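Working notes, structure below.
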Amino acid sequence: MSAANIAAVAPVSVRPAPPCENCKWVRRRSRVVCERKDFGMSFDVQKAARIVRDHPRPLESWTPRQLSHYVTEADVTLRHLPHVDNSKPGIVGVVRHRGRLRKFIVEGNHRAFNKRRAREPYHFYPLTEEETARCRK
């Protein structure tokens with residue numbers, strides 16, 4: 001029997017990792033909020049996703065080195081990292097804080113962390129300052 005025939009009759013069973021609390025939360029379609037303690041602000045992630053969906057824009061990207069300024073181990077749940085679809089772009093917002101414009105990841109911290117660790121660029125949809133303000137909770 002050839003290798004092709006063996007593959008056809010012997011299905012491969014892949015057991016996915018058991019879902020973590022983050023996975024269960026997303027599956028329940030719970031309201032996802034991005035909390036920025038450093039800014040003292042919270043943002044509605046679903047609203048940001050709707051803005052990006054309804055108003056298409058080009059992707060931007062950060063290098064792994066740039067990512068080190070935006071995501072750290074403290075920003076993610078480590079056991080959730082293997083469950084993340086790293087192919088999806090994130091969403092980056094911008095706020096004026098203490099007189100300066102500051103960018104931050106609204107959606108996609110886990111993907112950004114995985115990309116940084118793999119030394120790959122992180123692609124995202126940028127929000128304007130006004131769009132980001134509309135997402136504030």
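Spread over its residues, the convex hull of the C-alpha atoms of the stretch 38-85 is 142 Å³ per residue. Extending 7 Å from Cα along the Cβ direction at K137 and again at H83 yields two label points whose distance is 1.9 nm. Here the stretch 65-137 was treated as a single set of alpha-carbon atoms; its pair distances binned every 10 Å from 0 give 19, 50, 27, 4 percent. Note on K47/R117: beta-carbon distance plugged into 1/(1 + (r/R0)^6) with R0 of 25 Å gives a FRET efficiency of 0.30. Proximity of backbone amide H atoms, modeled 1.01 Å from N, is registered between R36 and M41, S42, F43 at under 5 Å, excluding neighbours fewer than 5 places apart on the same chain. Between the amide H of G90 and those of H123, F124, Y125, distances stay under 5 Å, these residues lying 5 or more places away or on another chain, with hydrogens modeled in the peptide plane. Computed 3J(HN,Hα) for the stretch 97-108, one whole-Hz value per residue from the Karplus formula 6.51 cos²θ - 1.76 cosθ + 1.60 where θ = phi - 60°, is 9, 6, x, 10, 7, 10, 8, 7, 7, 7, 9, x, glycine and proline marked x. Applied to the stretch 77-85, the Karplus parametrisation 6.51 cos²θ - 1.76 cosθ + 1.60 on θ = phi - 60° returns per-residue 3J(HN,Hα) values of 9, 4, 6, 7, 3, x, 8, 7, 7 Hz, with x for Gly and Pro.
Coordinate-derived values only; no laboratory data. Because the structure is a prediction, the values reported are computed rather than measured. All Cβ positions, glycine included, derive from the backbone under ideal geometry; neighbour counts span all protein chains shown.
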